[in-house]
Amino acid sequence: MRLTVLGGCGAWPAAGQACSGYVVEEEGFRVLVDPGYATLPRLLERMGAADVDAVLVTHGHPDHCADLNPLLRARALADTPAAALPVHAPPGALDAVLALDKPRMLASSFTLRELSPGTPQEIGPFRLDVFDLPHHVPNAGLRLTGPGGRVVAYTGDTGPSAELVSLAKDADLLVAEATYPERVPDEDAPYLSSALDAGRTAASAGVGRLLLTHLWPDTPAEPALAAAAASYGGELSVAAAGVTLDLR
């Protein structure tokens, strides 16, 4: 099971970077998670648009889903159009991005499926468990389990929730939103997390590795790493384009 980071900036892509975007691979099956701003060019450096087998979107903010539009265009407008791409998202999360083109232009390029907390789904070789986590808009925490039992858990963007430990329990890798190093401003405290929060979640859940993501653009990684390490003693890093983690 392998995870490749396409981008990890929160809100907007810093120069030369991209927003949230990850590819999880198992047995040749490729799941694109959160195709945020500027992730498509990085994806296309590694594979063709037609090589994506499924898309998972945690929520409808554009830094997590805007590049779904050019991905679908690349598949639909190719000389040989790709098969319809399964796209999984919370209800209504993709209404805006799917409305960027006339419906008939992309209609055959995807099939839209709702993410339902509490109802496991099979996506290729993966079992997907979905968790309802607090954010400014509906947000789905994702737990992907491969056939060998390896687990990648991903928070999307989330505020404090008891569900986070269940999402991340004994995961081999937790990809955790950490917009701020230690303190989330009061107005966003119910809806976003810090690296300090992510470290505590990872420690409580017994996570094997912690990957901090969604840091505020152009901020250094060191304060986030130090904050998470205050409570989490495992392998720790920050999401950056091109980082690949193999889970064995």
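Which residues, taken from the range 1-19, are assigned to a loop (DSSP other than H, G, I, E, B) and either in contact with a Leu (Cβ under 8 Å, 6 or more places away or on another chain) or over 27 Å from ALA224 (Cα atoms) (or both)? Listed by number, the residues that qualify are MET1, GLY8, GLY10, ALA18. Being small (Gly, Ala, Ser) and either crowded, with 21+ Cβ neighbours inside 10 Å or at negative phi (or both) is the filter here, so list the residues in the range 110-137 that pass it. Matches in the range 110-137: SER116 only. Every listed requirement among (1) within 18 Å of VAL33 (Cβ to Cβ); (2) crowded, with 24+ Cβ neighbours inside 10 Å; (3) in contact (Cβ under 8 Å) with a residue 40 or more places away in the chain is met by ALA176 save one, (3). Can you name the residue in the range 179-230 that is part of a loop (DSSP other than H, G, I, E, B) and of a type in the set (Ser, Thr, Tyr) and is also farthest from PRO13 (Cα to Cα) among such residues? Step by step, filter the range 179-230, then rank; the result is TYR191. If I filter the range 11-49 down to residues being among the small types (Gly, Ala, Ser) and either closer than 17 Å to ALA89 by Cα or buried (at least 24 other Cβ atoms within 10 Å of the Cβ) (or both), which single residue comes out as farthest from the chain's Cα centre (by Cα)? Restricting to residues being among the small types (Gly, Ala, Ser) and either closer than 17 Å to ALA89 by Cα or buried (at least 24 other Cβ atoms within 10 Å of the Cβ) (or both), the top hit is ALA18. Considering the range 150-178 alone, what residues qualify as being of a type in the set (Ser, Thr, Tyr) and either closer than 20 Å to VAL24 by Cα or in a strand (DSSP E or B) (or both)? Hits for the range 150-178 are TYR154, THR155. All of LEU85, LEU56, LEU71 fail the test of being touching a His at 6+ places or on another chain (Cβ under 7 Å), buried (at least 20 other Cβ atoms within 10 Å of the Cβ) and within 25 Å of GLY242 (Cβ to Cβ), apart from LEU56.
For (1) aliphatic (A, V, I, L, M); (2) without any contact (Cβ under 8 Å) to a residue 12 or more places away in the chain; (3) more than 26 Å from THR4 (Cβ to Cβ), each residue gets a yes or a no:
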residue	(1), (2), (3)
TYR180	no, no, no
LEU192	yes, no, no
LEU196	yes, no, yes
ALA205	yes, no, no
GLY208	no, no, no
HIS214	no, no, no
ALA224	yes, no, no
ALA227	yes, no, no
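Scan the range 82-131 for residues that are within 14 Å of HIS59 (Cα to Cα) and among the acidic types (Asp, Glu) and the total you get is 2.
With respect to the conditions (1) surrounded by 19 or more Cβ atoms within 10 Å (Cβ to Cβ); (2) free of Cβ contacts under 8 Å to residues at least 40 places away in the same chain; (3) within 24 Å of TYR232 (Cα to Cα), SER166 falls short on a single one, namely (1). Just one residue in the set ARG200, ARG150 is under 24 Å from VAL55 (Cβ atoms) and at pLDDT 95 or above; that residue is ARG150. Each residue in the range 179-204 was checked for being in contact with a helix residue (DSSP H, G or I) (Cβ under 6 Å, 6 or more places away or on another chain), surrounded by fewer than 24 Cβ atoms within 10 Å (Cβ to Cβ) and farther than 23 Å from ASP218 by Cβ, and 1 pass.
The values are calculated or read from the model by the stated rules, or taken from the named source; none is laboratory data. This is a predicted model, so every value here is computed, not measured. In this analysis, Cβ positions are derived from the backbone assuming ideal geometry, glycine residues included, and neighbour counts consider all displayed protein chains.
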